[in-house]
Every structure is written in C-alpha cells, then in structure tokens.
C-alpha cells in the first residue's frame, strides 16, 4: 500500500512539470489567487510553481528510505548503460504538449492520461528533477541477463567490481540507490 | 544481505521475493559431522545427511547454480500468498529451504478476553525452527534431515531412496492393517515393493488414527479386489500385486477423472 502511494507520488513528480509549463505559458500568476501578492514580479510565481515538484521530489527521496531493501554484490553486474538522456525525447514531448494546450480543462484531461500511462509503464519514472539532486539513471544487466533500472548518485562506467549495498525497490524493475 | 524468497507452485512456478534483511533460519551448529545419505540410517538429533558436490547432481536446481541477485526477483503479489510450494532464505551465501504444506498455513479464531470478541486471525505461515534443507554454496553441499520433506523441492532426489531392509519390510508387514495370507511373507517382497515400503513407512508415520482409517476407506474404494476385513480392519495381502496396490493407496496414487469418472493410477507424482 505504502509502495503504491509512493509510486503515485513519483508519477506525479515525473509529470507535474507539464502543469508548471502550462501555467507559465498562460501567464497565470499567484496574484490571481491572492491579490495581495501583486507587489511581487511575475517570475516569483513561476519560481514558486517550479519549486513545488522540486520539493515533492525531495520528499519522495526521503520516503524512499522506508522501501524494501535489496543489494548487489561485486560481480553481479555484467553491463552498465547510461540512461540520463533516454528521458529527454519523452520529456520534450511533454513540454511541447503543455505549450500547445489551449484550455485548462484540456490540460487536466491530458495530464490525467499521461499520469495513468506513466504510472502503468513501470519503467518510466524518469524525473529530470532527480538530476538536480545529483542522481543519474542507468540500465544494469545482471550476471543472469536480467535488465533493471537504477537511480543512483554514483557515476557508473565499469561494471566489474561495482556493488550496491542500499538499494530501495520502487518496483520490480526500478531501484534507487540510497548509499551516500 | 538476507533475502526470503518463495517458490510458487505449478508448472510456471517461479521464485518471488518476500522480504529482506531478516534472519529467518539460524545455521545449525551440528553440521560438522555429516552422514552420507542412507535410507537405513536413523539420524541422531544432532546429525544431518549431506550430499557433496551437489551442484553436479541432476536433481540440483538452476536457482542454486546461478548467482543469487535479489534485484532479479519480483515481489510476491498478494494472489500468490496461498500458492507457495517452499520458502528459501538466502543468508550470506547459504540457502535455507523450508517446504510449505497446508499445515504451515495457520488461520485461527481468536477470542480477545478484554473485549470478549471473536476475531479470525490473519493467515500466517509457520516458520520451522530448522530448515528442511541447507545448501552451503562454498562447500557445494546440501544438508538435510528428511528426504521426503525435500523431494518436491529437488525433483528426482527421491531416487536416493533405497529399498527397505529385510527388517523394515518385516516391520511394515507386521502392521495391524495387514493380514498376510497365502504363504506370502517378507522374504518374498521384491525390490520394487521394498522401495515403495521405504516411502510408505515414512508417509504413514505422519497419519493419525482418523487419517489412517480414511486412507483405508480410500484404498477400498479403488481396489475392490483387495480383501478387507471389516472386524479387524485389515487388508489381506497374498501376493506382490496386493502389496503394490496397498502401497500405491498409501501414497494416494489413485484418482478419478472429473469428466467421465474414470478411475486411474498415477504413475508418477509431482506436486503442483
């Protein structure tokens, strides 16, 4: 259950930038909601919008400590493949969609669809905000030829001797490395 | 890191991850004087049977020869909780196996005394004090106490079952549910039946009185030509074939097809 909620949060973090971009495009300011904030320049609103998913991502990293543990020993990994850039095409796609959405209700509808598909796609928890916190994305192939997805702060290049002691299981394909 | 896996039943049964970071079984301190497997040998409390060079045996499973990587195993989904064939705890390159039978699943009604309410407890699986089998990878040795407990974990390991000795055979034929007739006695029991006796003795030792009588009822239902005395409640065994029928019955090899109601005998058995 807790894992399910956590995955919802991760999915929201990965897709919420669409809403931010839409709001920026529409020049929707916080002062529209709270007239007292009129004194601040426009970009303050945009920064606040952007900080919300950043904050939620930070919280999700914190919650990840409570997930189920796994580990990999030296010699378990046969191949390592960088995946930092793999999310860029889909992310650019999100951005262009957000820029061309005409109405708020269209946004809600499109966001809902993207949310559901990102959640169900399992391997697609790519959230570029992880990069801000120093995390990188990698595909690892184990010694028994099974491919998994790892979010880690380490710079991985050489699979020999590589080990992870504090992996947290987000789902059966995705793991986050909480080793400092 | 310690990991507990469950192997599910069925043809496509797979290993699934249950939990991690828990010490499930302790390594017994008495593994240092292992006995090579021998059906006739009765283990002392502090002894274990051992099979050396286990990974080269045909009944060894790939799971033990492959490298153990916990991230490869999916988390066990809820609908598989009742479908566990056995558990395997991986603790520092040592694999501990426990066979899971229906008796390991426990769900009881609990009476809470301070509230005086009855609640059905959540189902649990009882973990035995000792594992049924222990595989130490660094020594490539499998330790176990009872071959029957692990024969569905390592398919084909029951070929190790040797035939019952003359003494065992006599003991078995002396059971009060057997009435020997027609000059048939322990000396006439052939090799195939001796093997079956060795297994049946193990099987029948787990039956209580009620189970025994229901198994006899079952055997009578399938083997009409096997003579049964209602008063003494025993079977008359006069030939090898009679004994074979009885032994198959004890192993519950007889079944009826759901369509067509055909009575059949299972030639070999695999738990699914």
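Coordinate-derived values only; no laboratory data. All values derive from a computational prediction rather than experimental measurement. Please note: Cβ atoms are built from the backbone with ideal geometry, for glycine as well, and neighbour counts cover all protein chains shown.
Let me know the shape class of the protein assembly as shown, please: from the alpha-carbon gyration tensor, a ≥ b ≥ c as square roots of the eigenvalues, rounded when a/c is under 1.5, otherwise prolate if a/b is greater than b/c, or oblate. Don't skip to the end; give the middle numbers.
Working: a/c = 3.23, a/b = 2.39, b/c = 1.35.
It is prolate, given that a/c is not under 1.5 and a/b is the larger ratio.
Using alpha carbons only, how many degrees (0 to 90, rounded to 10) separate the axis of helix B:240-250 from the longest principal axis of chain B?
Compared with the principal axis, the helix lies near 40 degrees.
Within 10 Å of each Cβ of A:71-78, how many other protein chain Cβ atoms are there on average? Provide the component values of the computation, followed by the final result.
On the way: counts 8, 5, 6, 0, 2, 6, 2, 0.
Average per residue, whole number: 4.
Using a Gaussian network for chain B with springs between C-alpha atoms less than 10 Å apart, which of these wobbles most: B:119, B:29, B:71?
Highest fluctuation among the options: B:119.
Just order A:25-31, B:179-185, B:97-103 by mean Cβ neighbour count inside 10 Å, highest at the front, would you? All intermediate terms of the calculation are to be shown ahead of the outcome.
Values: A:25-31: 15.1, B:179-185: 13.4, B:97-103: 17.3.
Highest to lowest by the protection proxy: B:97-103, A:25-31, B:179-185.
Could you tell me whether the stretch B:114-186 comes out rounded, prolate or oblate from its Cα gyration tensor? Rule is a ≥ b ≥ c as square roots of the eigenvalues, rounded for a/c under 1.5, then prolate if a/b exceeds b/c, otherwise oblate.
On the way: a/c = 3.91, a/b = 1.39, b/c = 2.80.
Oblate.
Rounded to the nearest 10 degrees, what's the angle between the helix A:87-100 long axis and the longest principal axis of chain A, both from Cα atoms, 0 to 90?
That works out to roughly 10 degrees.
Show me the ranking of peptides B:211-221, B:133-143 by mean Cβ neighbours inside 10 Å, starting with the highest. It would help to have the intermediate numbers written out before the result.
On the way: B:211-221: 14.4, B:133-143: 20.0.
Ranking the peptides B:211-221, B:133-143 by packing returns B:133-143, B:211-221.
Suppose a student asked you for the relative contact order of chain B, using Cα pairs under 8 Å spaced at least 6 residues apart; what percent would you report?
Numbers: 404 pairs, mean separation 43.9, N = 272.
For chain B, the relative contact order is 16 percent.
I need the peptides A:9-18, A:34-43 ranked by packing, meaning the mean over residues of other C-beta atoms within 10 angstrom, with the highest value on top.
On the way: A:9-18: 21.6, A:34-43: 10.0.
Per-residue Cβ counts within 10 Å, averaged per peptide and sorted highest first, yield A:9-18, A:34-43.
Where a ≥ b ≥ c are the square roots of the eigenvalues of the C-alpha gyration tensor, would you call the stretch B:150-272 rounded, which needs a/c under 1.5, or, failing that, prolate if a/b is larger than b/c, or oblate? Walk me through the numbers on the way to the answer.
Working: a/c = 1.60, a/b = 1.07, b/c = 1.49.
Cα axes put the stretch B:150-272 in the oblate bin.
Helix A:2-15 versus the longest principal axis of chain A: what angle, 0 to 90°, nearest 10, using Cα atoms?
Roughly 60 degrees, rounded to the nearest 10.
For peptide A:142-149, how many partner chain Cβ atoms fall within 10 Å of a residue's Cβ, on average? Kindly include the intermediate steps, with their values, before the conclusion.
Numbers: counts 5, 5, 6, 1, 4, 1, 3, 0.
Partner-chain Cβ atoms within 10 Å, mean over residues of A:142-149: 3.
In nm, give the distance between the simple-model label positions of residue B:43 and residue B:82, each being 7 Å from the Cα along the Cα-to-Cβ direction.
For residue B:43 paired with residue B:82, the spin-label model returns 3.2 nm.
Which residue, B:110, B:64, B:23, has the most motion in a Gaussian network model of chain B that connects Cα atoms within less than 10 Å?
Its mean-square fluctuation being the largest, the pick is B:110.
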